[in-house]
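Computed from the coordinates by the stated procedures, all read-outs in this text should not be read as laboratory data. As the structure is a prediction and not an experimental result, all values here were calculated from the model. Positions of Cβ are backbone-derived with ideal geometry, glycine not excepted, and every protein chain shown enters the neighbour counts.
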Amino acid sequence: MFKLKFKTFIFAFLVIFCLLNIFVNDVQAISLLHKKNTPQVKVDPIYSFKIYNDFPGKIETDISQFTEKRQVYGKAVISPDKSKIGFIAEYFYPNQHQASSRIFVNHLLSNDTSFYSDQQIGKIIDSNAYKRNPPIAAEIGFDGQQREYFKAFSIVDWSVGSDKLLFKETDGEFLRGIWSTSIWVFDCNTGTSRNLEEARKAVLYFWKTYKKLDLSELRWDITPLGWDKNNHDQIIFKAYGYNNDGKTFLGLWTINANAERTKLISLEEKDIEIGQYGIELLKTEPLILTKKVKKRKKIISFSPIFSVLKIGYPLYKIISPMF
């Protein structure tokens, strides 16, 4: 009696074991097959645009990134007509601990982009911004500067007509920061860049002549804010000096793109309308979505039962004589 009950127990155990084993394997196989055969759709990224020079005077190249990478590309700044982009490339040389810079202007589309959608323009810019080896608009720091020194460009803004790119040069030391800033303009019609040295010269001349203060003996600098919104050929910039308490305001100034005239607007800080014309591209990452499929009717399979009989019965026959 005991022997019969034990055989029955063994046979039942084998049946349950085989059923569980087959069930788990079938579930895994079905899930893998379902995952493999589930249709998926890739959704293209969505492109949009935002104002680039939204905080006039605050755009500055991050000097700390030079020591982390040998070459760094800046943001691609798009012209108002969305036909051109300007971008910066910064180069770091660890042996001399120096940094130099280039600015590129890439003409991607015709001047008339009205027949393109924002999505099409965004896709073209995203795909080709850094890939077509555009001509160098300007470069600095490649003529053997001193150790520990850097020269870096930063884009300020495009002009309202998309024909000029305003940018600045900052020179300094890694350990002591920025020493001086210069204003540059790239003219797309002539393909040339110009350093508007007259801006700094005008500030020096005014304070030395009218205020008897020689700024060449002191530490001072300028900051270009952007294009004058009411006079599109004029560039607005601030001048200030350094002292133990921080900065001393040295005037709000304007200079035209050809450096033909520099003018003092005010010796007191005042609000002035700055044009905001350049834009930058915003991109959402592409998504992969799963298509919704209709549920199929469940089909009952008798394969587990046959498998149990096929595997369990021979095992029972082998084990039973042992008891």
Fill in the blank from the handout: Nearest-0.05 FRET efficiency for Thr248 and Phe49 at R0 = 35 Å, using Cβ-Cβ distance, is 0.40
Exercise for the section: Given the peptides 75-87, 256-268, 92-104, arrange them by the average over their residues of other C-beta atoms within 10 Å, most packed first. Expected result: 75-87, 92-104, 256-268
Problem - Segment Leu267-Ser127, extension gain: residue separation times 0.36 nm, minus the distance between their alpha carbons - result: 45.7 nm
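So, by mean Cβ neighbours within 10 angstrom, what's the order for 238-251, 116-129, 155-168 with the highest one leading?
In decreasing order of mean packing, 238-251, 116-129, 155-168 become 155-168, 116-129, 238-251.
Evaluated at 37 °C with a viscosity of 0.692 mPa s, what Stokes-Einstein diffusion coefficient in µm²/s does the stretch 114-153 have when Rh comes from the Kirkwood expression over alpha-carbon pairs?
In µm²/s, the coefficient rounds to 242.
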Problem - Cβ-based net charge around His232, under 13 Å, with every Lys or Arg adding one and every Asp or Glu removing one - result: -3
Exercise for the section: Would you kindly give the portion of the calculated P(r) for the stretch 201-281 that falls above 16 Å, as a percent of all Cα pairs? Expected result: 54 percent
Handout entry: Simple label model, 7 Å out from Cα along Cβ direction - Arg147 to Lys211, nm
Key = 3.8 nm
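Shape call for the stretch 141-259 from the C-alpha gyration tensor, a ≥ b ≥ c root eigenvalues: rounded (a/c under 1.5), prolate (a/b greater than b/c) or oblate? Before the final figure, lay out each step's value.
On the way: a/c = 2.01, a/b = 1.22, b/c = 1.65.
It comes out oblate by the Cα gyration axes.
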